[in-house]
Amino acid sequence: MNYEEMLKSREGFQSNRAELPFGTFYRKKIEGKYRSVIELSAAVSDDAAFCRCLRRDCELNSELDAAYQLHYSLNADSNGIYEIELSTGTLFTFRQLIEQTPAVLTQEDFFAKFFSRIFDAAELLHRHHLLQLDFSPDSIFVDKTGLQPRLLLHGSSFTRDVSREKFYGGHEDFMAPELSEGEAVDARSDVYSIGRLIAWIGETAQLPLEYRRIVKRATDERPEKRYASIGEMRDALSKTRSMKNSIIVTVAALLIAMLALWIYFEMLPQTDDVEFVQPLPKENADELLDAELDSLMGIDVDDTDSAAAYDGASSDNMRRLEQIFRRNYAREADKILSKVYNKDYMGSSEKAFLAGSKTMAEELMAVQLRLAEESGISEAAARKIADEEIKRITRQKQSEMKQ
């Protein structure tokens, strides 16, 4: 250990450091206690405009009394501001937490709790006419549970007077295109950055379907095509999640009913006489399967361009689009359902049965979303077809089970 390393050790420097665009985050011993600090880089501490914006942001920060806001103070000497001291002790950047303990992403309801609080934090800022603009994993601080995100500096306090390289350098992937190009920013810029955060997590963990669904629109290059506000983004997420849960319950109920029928007929006394039943022609089975699965997957398709095109189509075109959707969906759904409608699966344990049902429902929902968007049918049309066909295919499946 050389002299500099020994000096840093005595001052309480920790190996767990994180580099931010404007400085280095680490824990430091101050007056006998370890505190989280950000040591400003020479490039920004010598920048009068940056220091002026930092003081202004510190004043705004003190007025935000919420769990999502991380308060801080500025340490300065005769040469100016050299350090940001965070008010809370043990903190990590979100990136540090995920790299060191990725298992937190597998916690039950992690995504729902974490992003609900991210949305709350963003809406709080917007009510105070502030924008975060950078929801990168290096700019979000968390405790060891990872469930309580804390935001520090507000991008809108620096955008006008500080170069993007000094404040956002290295975080360009999380910056909205309009920010990169020096154009006006608003709530949709935060929508973009949060969408990029969701996509970043998706590179490490399997995202729930509802989050994968909103990323595409949230990160559209064109601001007018994104969600207009955090509230609209939250509503889209909740709506898709509600639809998914409804589908899972429907599929599980249907499969449990069929399992009960199978068990019942398996327990009936067997006779020597065997009656051979002519199986359904494959064409009829595919048609029935299509009807059932279209019904299960009647959920919102959030594509205004497709909906507008559909509403303006002629009656013949409407019927043609519905036929295309029905045919393509039957082909895809047949592959999924073939994993479930068989003797081995129906005889599996309850836990395996329910887990498989949930997986199947999510796969069916993903196919439904994709094909509905590709074919351009409206939500109302999809629901009408589904309601009609699910009843017919359910009766047919029950009849086959009895035979």
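Mind listing which trypsin sites (Lys or Arg not before Pro) in the range 125-206 are in a DSSP loop and have 13 or fewer other Cβ atoms within 10 Å? The partial results should precede the final answer.
Numbers: sites: Arg127, Lys144, Arg150, Arg160, Arg164, Lys166, Arg188, Arg196; in loops: Lys144, Arg160.
Listed in order of number, the matching sites are Lys144, Arg160.
Over all directions, the average projected area of the alpha-carbon convex hull for the range 11-86 comes to how many nm²? Write out the running numbers ahead of the final one.
Values: hull surface 23.1 nm².
Averaged projected hull area, Cα only: 5.8 nm².
Only loop residues by DSSP count here, and only those with at most 12 other Cβ atoms within 10 Å; note down the GluC sites (Glu not before Pro) in the range 141-214 that meet that. Write down the numbers at each step before the final one.
Details: sites: Glu165, Glu172, Glu178, Glu181, Glu183, Glu203, Glu210; in loops: Glu181, Glu183, Glu203.
Within the range 141-214, the qualifying GluC sites (Glu not before Pro) (loop, at most 12 other Cβ atoms within 10 Å) are Glu181, Glu183, Glu203.
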Fill in: Simple label model, 7 Å out from Cα along Cβ direction - Glu123 to Arg55, nm
3.6 nm
Discussion item. Taking a cut-off of 21 Å, what percent of all Cα-Cα pairs in the range 92-231 are separated by more than that?
Written reply: 38 percent
Item to complete: Using every Cα-Cα pair within the range 34-161, state what percent have a distance larger than 26 Å.
Response: 23 percent
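Here, each number is a calculation from the coordinates, and none is a lab measurement. All values derive from a computational prediction rather than experimental measurement. All Cβ positions, even for glycine, are placed from backbone atoms using ideal geometry, and neighbour counts span all protein chains on display.
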